[in-house]
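Each remark here refers to the structure printed beneath this line.
Every read-out reported here was derived from the displayed coordinates using simple, explicitly stated rules and does not represent laboratory data. All values reported here derive from a predicted model rather than from experimental measurement. Don't worry about glycine lacking a Cβ; one is built from the backbone with ideal geometry, like all the others, and counts go over all protein chains shown.
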Amino acid sequence: MSFPPDDPGYPGYAYPLEPFDASFSVPARPRKFQSRLWLHALLLLLTIGSTTIAGAEHYASFISEFGGRPVPLNWGLLLRGFWYSGTLLAILGAHEMGHYLLCRRYNVDASLPYFIPMIPFVFLTGTLGAVIKIREAFPTRKVLFDIGVAGPIGGFVVLVPALFWGMTMSNVVPAPTEGSVLFLGEPLLFKLATYAIIGPVRDGYTVNIHPMVFAAWFGMLATALNLLPFGQLDGGHITYATLGRWSTPISIVTVGTAIAMTFISVSWLVMTVMMLVMLFMLGPRHPRVIHEHEPIGTGRNLVAVFALIMFILCFTPVPIQLQDLVGGR
């Protein structure tokens, strides 16, 4: 039963309602997942170019066997640069799309991936990776965990077969004895792939890695760095989702450890500076989710253990080291 609101006999009558204003409208909410497609496409094309040029350099180094054979410059090298660029962009793309697709699943507003091109003759990788921008707060710890861990898992799924496939195209050559040589740190996963595909390497010899392996190596490095339990890195998201307030002291310890690592290897410098900037701009605490106290459950804790295993497999304390070899040293 209902009463007309302007009837004085209606029990709740106090005053007549204002006439309805047909011109009144509720402001529309901005649409989610909007991106400047032209910018994302431009950055992707530039990164394809920079990584392909870097890949051509890596392929020339590969077939020269550490400079032991002359390599003529030709357009064919640029084509073979796709061994590296295609593999690397697949790994980075899988990582960022893992984040993005989970954001779409949970309706957490985010941008498409931004690829970051770098000058290939200065940066060995031709890129600093890729990022997405998340534009709103995470609703729950479960959502935070799923979005945070999806990226490393996506990249890992692509880099593992690429590593083993690339290792089948690698070869063993005499180790260089003179000149400047760039040594790559060997994560545990890299050592496992080397032993499984190539076997033990005799003293005085070294593995001459195919460019696809170098792309997988950079993917491992990016995965390990992203899984560091700091701030708003993927590892920081996972740590906060699983350990709550304990993530803050863990972040501070992580930064302190990174600073100490710069004294062991200068290749830690860029990552350490980036973490220090994030620390001073955003603070040591991870932003809270909207529903703070919802548990994530046993299944996600097991996935967190798998993320720790990925970190251990991909981590190396000295990623890159330049050595000058003189007289057989």
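In the distance distribution for region 81-159, Cα-Cα pairs more than 19 Å apart total 39 percent. Given +1 at the Cβ of Lys and Arg, -1 at the Cβ of Asp and Glu and no other charges, the dipole of the chain around its Cα centre is 380 debye to the nearest 20. For region 226-250, the residues whose amide N sits under 19 Å from a probe point set 7 Å from the Cα of E292 along the beta carbon direction are 231-232, 237-250.
So what is the 222 nm mean residue ellipticity for the chain from helices alone, if each DSSP H run of at least 4 adds -39500 (n - 2.57) and you divide by all residues, rounding to the nearest 500 deg cm²/dmol? Result for the chain: -17000 deg cm²/dmol, rounded to the nearest 500.
With all pairs of separate Cα atoms included, region 197-313 yields a Kirkwood hydrodynamic radius of 16.3 Å.
Annotation for region 155-225 versus region 73-119: alpha-carbon center distance of 21 Å.
With everything on Cα atoms, drop me the angle between helix 188-197 and the longest principal axis of the chain, reported from 0 to 90° to the nearest 10. The angle comes out near 50 degrees. As a rough footprinting exposure proxy, the listed residues L37, L102 were ranked by other beta carbons within 10 Å of their own, and the order from fewest upward is L37, L102.
Report D for the chain in µm² per second (integer): Stokes-Einstein, Kirkwood Rh on Cα pairs, 4 °C, 1.567 mPa s.
Answer, rounded: 57 µm²/s.
Proximity of backbone amide H atoms, modeled 1.01 Å from N, is registered between L128 and I116, M118 at under 5 Å, excluding neighbours fewer than 5 places apart on the same chain. Helix 37-64 axis versus longest C-alpha principal axis of the chain: approximately 20°, rounded to the nearest ten.
Applied to region 127-141, the Karplus parametrisation 6.51 cos²θ - 1.76 cosθ + 1.60 on θ = phi - 60° returns per-residue 3J(HN,Hα) values of 7, 9, x, 8, 9, 10, 10, 9, 9, 8, 5, 6, x, 9, 5 Hz, with x for Gly and Pro. With a Förster radius of 30 Å applied to the beta-carbon distance between A137 and F263, the computed FRET efficiency rounds to 0.20.
The length gained on full extension between I312 and Y205, counted as 0.36 nm times the residue separation minus their Cα-Cα distance, comes to 35.9 nm.
For the chain, the longest principal axis of the C-alpha atoms and the axis of helix 234-243 are separated by about 60°.
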